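The values are calculated or read from the model by the stated rules, or taken from the named source; none is laboratory data. Predicted model, so just to flag it, every value in this text is computed and none were measured. Quick reminder, even Gly has a Cβ in these numbers, built from the backbone with ideal geometry, and neighbours come from all protein chains shown. What goes into the accessible areas is simple: the full protein's heavy atoms, side chains included, and nothing from ligands, DNA or RNA. Shrake-Rupley method; radii C 1.70, N 1.55, O 1.52, S 1.80 Å.
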Amino acid sequence: DTATTEIYTEQIVGSVRCVQETDTIANGEEFDKIYPKLDVLARSRPEDKYALVTGLMERGHVVAVTGDGTNDAPALKKANVGFAMGITGTSVAKEAADIILMDDNFTSIVKAVIWGRNIYANIQKFLQFQLTVNVVAVVSIFLSAAAVKMAVLSAVQLLWVNLIMDTFGSLALATEPPSETLLYEKPHGKNDYIITRKMMKHILLKAVFQIIIIISLVFLGTYVIPEWKTSGNVLLSKTVGNSNGQDYGYVYSGLEHDYKDKGYLQTYGPPRHLTFIFNVFVWLQIFNFFCSRKIHDEKMFLKA
């Protein structure tokens with residue numbers, strides 16, 4: 001509570017005027033010089049608080065205000081988030097506020113902030129996970145259909161992924177508890193996109209990585225996927241050797257022109273080649289799930 005503070009207060013209040021029924025800062029240049037220097041605004045009147053909130057919100061800041069009296073109501077209502085005291089606060093302040101602290105404890109504000117940021121972060125994690133799965137599935141099916149005139153992932157397999165993996169994965173990501181690191185993050189602006197540039201980078205890099213693996217297995221699977229001829233209903237593209245009376249080598253191609261068109265489907269059943277590709281796709285999404293826990297370029301994605 002100094003003379004300088006009183007001067008700042010008068011300058012701020014004097015710079016606010018009403019234009020077309022909306023409050024705005026009349027002398028923006030002076031306000032820009034003042035508010036970065038403010039840490040505590042002592043002996044402030046309701047007009048002082050309202051002016052400060054108005055100026056900060058006009059400059060894109062996310063503003064939170066606490067109050068318990070009737071004179072705090074305008075600033076509580078104007079701010080992005082208003083906190084009113086549940087015990088000592090007046091009914092006017094409670095009506096104007098967005099959140100009421102039932103115990104009048106300021107540490108509850110920290111809990112409210114960390115849980116609010118945690119919900120926002122968990123939604124981002126789920127979107128990062130879900131969009132990666134969808135991009136990989138759509139692009140892989142499109143490329144395989146364009147190249148070999150068939151989809152490497154069937155509708156039933158995609159339905160299984162959506163019902164089983166996406167359901168439990170989204171529940172796990174959405175219920176992840178908050179960490180103290182959330183308090184050190186900058187607040188999100190009202191106009192910020194929920195999918196950040198870092199998230200887009202993660203989604204694209206993971207999607208490209210997975211698509212390369214899946215498409216490689218579509219065309220090169222007959223050279224790298226091992227297979228054992230355990231019965232007469234198992235086809236081998238190439239026999240490498242024999243162990244315990246069983247031939248082993250590489251899986252037979254499951255592409256339609258190599259398998260279905262030759263009548264192997266009725267004789268040998270569904271091709272193991274495509275089944276192996278689906279299994280790889282599932283394991284890639286498990287890897288994607290753990291990676292989606294981090295959205296800020298953290299190196300240790302397994303760390304809590």
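Okay, residues lined up against (1) touching a Leu at 6+ places or on another chain (Cβ under 7 Å); (2) polar (S, T, N, Q); (3) modelled with pLDDT of 90 or more:
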| position | (1), (2), (3) |
| --- | --- |
| Asn105 | no, yes, no |
| Ala112 | no, no, no |
| Gln128 | no, yes, yes |
| Val139 | no, no, yes |
| Val148 | yes, no, no |
| Ala151 | no, no, no |
| Val161 | no, no, no |
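Among the residues of the range 265-281, are any hydrophobic (A, V, I, L, M, F, W, C), in contact (Cβ under 8 Å) with a residue 60 or more places away in the chain, out of contact with any helix residue (DSSP H, G or I) (no Cβ under 7 Å at 6 or more places or on another chain) and part of a loop (DSSP other than H, G, I, E, B)?
Within the range 265-281, not a single residue is hydrophobic (A, V, I, L, M, F, W, C), in contact (Cβ under 8 Å) with a residue 60 or more places away in the chain, out of contact with any helix residue (DSSP H, G or I) (no Cβ under 7 Å at 6 or more places or on another chain) and part of a loop (DSSP other than H, G, I, E, B).
Please go through the range 232-264 and pick out each residue that is closer than 21 Å to Lys149 by Cβ, small (Gly, Ala, Ser) and without any contact (Cβ under 8 Å) to a residue 12 or more places away in the chain.
The answer is Gly263, and nothing else.
Find all pairs meeting these conditions: Cβ atoms under 6 angstrom apart; at least six residues apart or on different chains; first residue within the range 36-65 and free of Cβ contacts under 8 Å to residues at least 60 places away in the same chain and over 24 Å from Lys190 (Cβ atoms); second residue assigned to a loop (DSSP other than H, G, I, E, B) and of a type in the set (D, E, K, R).
Final answer for the pair search is Ala42/Asp1; Arg43/Asp1.
Please determine whether any residue of the range 212-220 is within 20 Å of Asn118 (Cα to Cα) and either in a helix (DSSP H, G or I) or open to solvent by 60 Å² or more (accessible area, probe 1.4 Å) (or both).
Taking the range 212-220 and keeping what is within 20 Å of Asn118 (Cα to Cα), we get none.
So far as the range 212-220 goes, no, none of its residues is within 20 Å of Asn118 (Cα to Cα) and either in a helix (DSSP H, G or I) or open to solvent by 60 Å² or more (accessible area, probe 1.4 Å) (or both).
Across the range 34-63, what is the number of residues that are at pLDDT 80 or above, among the basic types (Lys, Arg), over 16 Å from Pro74 (Cα atoms) and in a loop (DSSP other than H, G, I, E, B)?
1
Within the range 237-251, how many residues turn out to be under 21 Å from Val280 (Cα atoms) and open to solvent by 30 Å² or more (accessible area, probe 1.4 Å)? Talk me through it step by step, then tell me what you get.
First, pick out the residues of the range 237-251 that are under 21 Å from Val280 (Cα atoms): 237, 248-251.
Filter once more, so that each one left must be open to solvent by 30 Å² or more (accessible area, probe 1.4 Å): 237, 248, 250.
Final tally of qualifying residues: 3.
Return the residues of the range 129-150 that are open to solvent by 30 Å² or more (accessible area, probe 1.4 Å) and either over 15 Å from Phe278 (Cα atoms) or polar (S, T, N, Q) (or both); say none if nothing qualifies. Quick ask: steps written out before the conclusion?
Going residue by residue through the range 129-150, those that are open to solvent by 30 Å² or more (accessible area, probe 1.4 Å) are 130-131, 134-135, 138-139, 141-143, 145-147, 149.
Gln130, Leu131, Asn134, Val135, Phe142, Leu143, Ala145, Ala146, Ala147, Lys149, listed by residue number.
Only one of Leu101, Leu171, Leu183, Leu153 is surrounded by fewer than 17 Cβ atoms within 10 Å (Cβ to Cβ) and more than 15 Å from Arg293 (Cβ to Cβ); which? Give the steps one after another, and end with the answer.
On the way: Leu101 fails: surrounded by fewer than 17 Cβ atoms within 10 Å (Cβ to Cβ); Leu171 fails: more than 15 Å from Arg293 (Cβ to Cβ); Leu153 fails: surrounded by fewer than 17 Cβ atoms within 10 Å (Cβ to Cβ).
Every option except Leu183 fails the conditions.
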